[in-house]
Every structure is written in C-alpha cells, then in structure tokens.
Amino acid sequence: MNDLVEKVRNAGVVGAGGAGFPAYVKMMARADVVIANGAECEPLLYKDQTIIQHFSEDLIRGMALVMEQTGASRGVLAIKEKHQDSISHIEPMLPANMELKRMVNMYPAGDEYELVYEITGNRIPAGGLPKDIGVAVQNVETLVNIARAAQGQPVTHTMVTVHGEVEHPFTAWLPIGMRFADVINLAGAITCSDPVVIDGGAMMGEVVTDKEASISAVSSGLLVLPRDSNLVKRRSETESQYRRIGKSGCDQCTLCTEMCPRYLLGYPIQPHLVMRSLLTTGEVSETLSVHAQACCECNICTLWACPEQLNPRDICASTKRDLKANDLWQTQQQLQSQTRDVHPMRDYRGVPSQRLTRKLGLAKYDGKAAHWKEVIAAPSRVIIPLHQRMGQQPVPVVKSGDIVGIGDVIAKPPGEGMGVPLHASIAGTVMLIDGFIAISAVN
C-alpha cells in the first residue's frame, strides 16, 4: 500500500454516493478510465452540484490523484445536461486529460452500470465491478475527500441537502453524527403538521421517524415529507404487507421488467418473475427467485412502472437476502452466462427526471433550490454510528470521559481486513459507546 492509498485509508474516505465502499480499495486497482460521478439522479438533492460549483479545485485535484494512482490516461466528469450552471462553471477548468460527459436527464443516469456503459461503450460484467473492465468510478464528494486526505485531512463532515417541507432548503457540509433534528432546525420551520424524514433520496433512501437518528459519512440528503403523503406510505410498507399485496395483486403485465434499467442493459434481472415466485413454492419458486440477484434496487419498478402500485423493488431486495441465506446466490460466471444483448428499446424507455419528480409528488418543492449554506457553528452533540459503511465494523479506541478533538481517531477496523477508521467530527467529551460513539461538545 503506497503513501497516497495509506493516507486515503487513514483519513476514513468512503464512497459518498451511498454504498460507502472504502475508497482506498478502488485506488489499488489499475484503470484506463476514471469517472467522477456528478450525475446526481435523486430528485431534490443538490449535494453533487454544490461540490462541483463550490469545491471545483479539490474535485479536479482528487481526480488527478486517482488517475495518477491507477495509471488512467482518461478522466471523465459526468454531469446531467440539465445542470448547465455546473457545466459552465467547471468545464473551462478541466485539464487536457479530463473531459465532460453530459448525461441525459433521466433516472438513474448516475447508476454506476449506466455511467460506465454510456462513457466507455462497455458493460460491467454481471455481478462484477468497474475495475473488471479497467474503469474506476468515484463520486465527486469522494474525490474531494481524497484530495483532502492527501493533505492529511480526515473525513469529519459530509455534504447533505435538506429539502421538502422546510422553510429554507439548503445544502451544507455537516459534522458526521449530527442528529436529524439539529440538521433540520438549520432549515427553519417545518411546514407540515406530521413530518417524517427520508434519509437519502426519494427513490432509494429510507423512511426514518426517529429524529434522534444521525447522519453518517454516506448521507446525501434529508427529505422532510408529510407522513400521509403517498410516497411515504409506499416507502413505509412492511415486508408482510408488500408480499401479501404482491401475491394477490400482480397480474404479470411485465412492465416492471420492461422498464428495469439493468434488464434493458441486458443483465439477468426480471422483477415480474420474482413477483411470480410469490405464488409458488419449492424448486419452482427457487427457479424464479434467482431473477432478483441482479437488481440494483433503483425503485423504477415500484415507483414508476407498476400500474397496480405494487412493490417489486422491495420484494427483489428481500428475495436477494433469502437467496444468500439459503445458499442460492449465483457466481459471477453464472450471472454472466445469462447476460443478453442491450435491449433495442433501451434509449426509448428512460425515465425523465422531471416527470419522475411529478409522479413522486415532489414537484411543488422542486422550484425551490437547496443552495449552498456555510455552517460554522458545531452542534452540541453528535452520535456517530460505528457501522455506517462497507467493510469491517471499526472498534472504539476511546472510552467514556475521554476528551477528543476534531479529526481524532475514535475507532479503528480490527486486523488487516477491508475497513477504515472513524474520526471525531466535533471537539468534546465521549459520553457513551453502545453501537455508536456520542460526543458532547466542549462549552
């Protein structure tokens, strides 16, 4: 592990696009192309555009560092063509070995598989990774964190958009572990009577009712919405509910499959067959269930395609869990053998971002941009989850009563397995360790 890779690991840099994959691991593979993902697909989120417009130099420096580390000769920054302000700002700043890719205004244009195919013309192998075809993909925020890690600065804050039923939507760097209630207070008054929060985007985030929950290194947005909104109701279905309703209501129209982005790219995913498995048992059910494994959980099947308002996405997600538990998980070679050619109608079945926003019931918020806000004051308390990313769960290296400063290491991964340390996001006193580390600020 060379000096830069070690610095990135020690700084706790993980993928800020949502998965939380340790960035240093991607940097250890050779690549021909480095893609900076700034496509930002989720409605109402502005964190990537804020990075591009306000932290351009760090972004470009981070991209250059990754290119040098991986041996890539080509760098590509992907931005949706609708973000003309971001494009006009950063395009003149790109060096000769970096280029801009204008992505169509479709969801999910920022999906890793979509990005790689659109930029290189090659598909990531089914069940594989971009590195398998000489590509490295990093979110734009991750690249900023890599640039800062090279200068010895650990990850203590994450870029978050706050939007929806709030008086003043905003986007800001916020301390990891900051409680939802404290974050939302920065947006002024809540404008609905019974609010809940979607942590992440409307399509792939999670409904959270606990205001004591806190943001993590992979948080991208907090959407405040009424509890009785159709989107919240649909995203809040329990497994028993969506399985029971799916079993009785699916008429096998196949629209969930025909609109699936991974299916259109030729991958072995067919949500309608997974829905059919709800009606079967034994070997027949197992044969149908395996069609869930290649699901990326983008939610187009559920929130866009299904005319019956069923929930193929969550059924595919729970089916994948069961496949693993029952030792039915297919190898990469098995999945790749089932891959087909790219669907001839793929270019005509994209989901327009603006229409998706309307269908989700979010159009009334879309006219109010969540502009960059500089937040200087630290919260009185942070609650930092120990397990908030892929890899080994870090082990605390502090105890209750310890005094820590911003950037101090508070937990480290055990052994030499994949993982990164956690750092204090505020200065203060360690108060509690029980699956998380709470820090109360020093007065």
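The values are calculated or read from the model by the stated rules, or taken from the named source; none is laboratory data. Just so you know, these numbers come straight off a predicted model, no measurement behind them. Virtual Cβ from ideal backbone geometry, glycine too; neighbours counted across all protein chains shown.
Of the strands (runs of 3 or more DSSP E) lying entirely inside the stretch 145-246, the ones with 3 or more residues being buried (at least 23 other Cβ atoms within 10 Å of the Cβ) are found at 157-164, 170-175, 221-226.
Taken over the stretch 410-423, the residue count meeting the criterion of being over 16 Å from residue 7 (Cα atoms) and surrounded by fewer than 14 Cβ atoms within 10 Å (Cβ to Cβ) is 3.
One line per residue, one yes/no per condition, for (1) under 17 Å from the mean Cα position of the chain (by Cα); (2) β-branched (Val, Ile, Thr); (3) within 17 Å of residue 361 (Cα to Cα):
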residue: 209; (1), (2), (3): no, yes, no
residue: 213; (1), (2), (3): no, no, no
residue: 219; (1), (2), (3): yes, no, no
residue: 228; (1), (2), (3): no, no, yes
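Once the stretch 410-436 is narrowed to residues that are of a type in the set (Val, Ile, Thr) and either assigned to a loop (DSSP other than H, G, I, E, B) or modelled with pLDDT under 95 (or both), the residue that is nearest to residue 145 (Cα to Cα) is 420. For the stretch 335-356, give me the residue count where each residue is in contact (Cβ under 8 Å) with a residue 40 or more places away in the chain, not hydrophobic (A, V, I, L, M, F, W, C) and not in a loop (DSSP other than H, G, I, E, B). Number satisfying all stated conditions: 5. Out of all the residues in the stretch 58-68, is one or more of a type outside the set (Phe, Trp, Tyr) and farther than 26 Å from residue 117 by Cβ? Yes; the residues of the stretch 58-68 include at least one that is of a type outside the set (Phe, Trp, Tyr) and farther than 26 Å from residue 117 by Cβ. Please go through the stretch 67-101 and pick out each residue that is within 24 Å of residue 260 (Cβ to Cβ) and either under 20 Å from the mean Cα position of the chain (by Cα) or part of a strand (DSSP E or B) (or both). Residues satisfying the conditions are 78, 80, 101. Residues of the stretch 309-334 that are crowded, with 18+ Cβ neighbours inside 10 Å, in a helix (DSSP H, G or I) and more than 19 Å from the chain's Cα centre (by Cα): 312, 315, 319. Among the candidates 394, 421, 379, the residue that is out of contact with any helix residue (DSSP H, G or I) (no Cβ under 9 Å at 6 or more places or on another chain) and under 29 Å from residue 171 (Cα atoms) is uniquely 394. Between 250, 306, 295, the distinction of being under 28 Å from residue 122 (Cα atoms), crowded, with 17+ Cβ neighbours inside 10 Å and modelled with pLDDT of 95 or more belongs to 295 only.
Testing residue 407 on (1) of a type in the set (Gly, Ala, Ser); (2) surrounded by fewer than 19 Cβ atoms within 10 Å (Cβ to Cβ); (3) in a strand (DSSP E or B), one condition comes back false. Which one is that? That leaves (3) as the condition not met.
Of the residues making up the stretch 258-276, those that are over 17 Å from residue 111 (Cβ atoms) and surrounded by 22 or more Cβ atoms within 10 Å (Cβ to Cβ) number 4. Selection of the stretch 313-335 for residues being among the charged types (D, E, K, R) and out of contact with any Ser or Thr (no Cβ under 8 Å at 6 or more places or on another chain) yields 320, 321, 324, 327.
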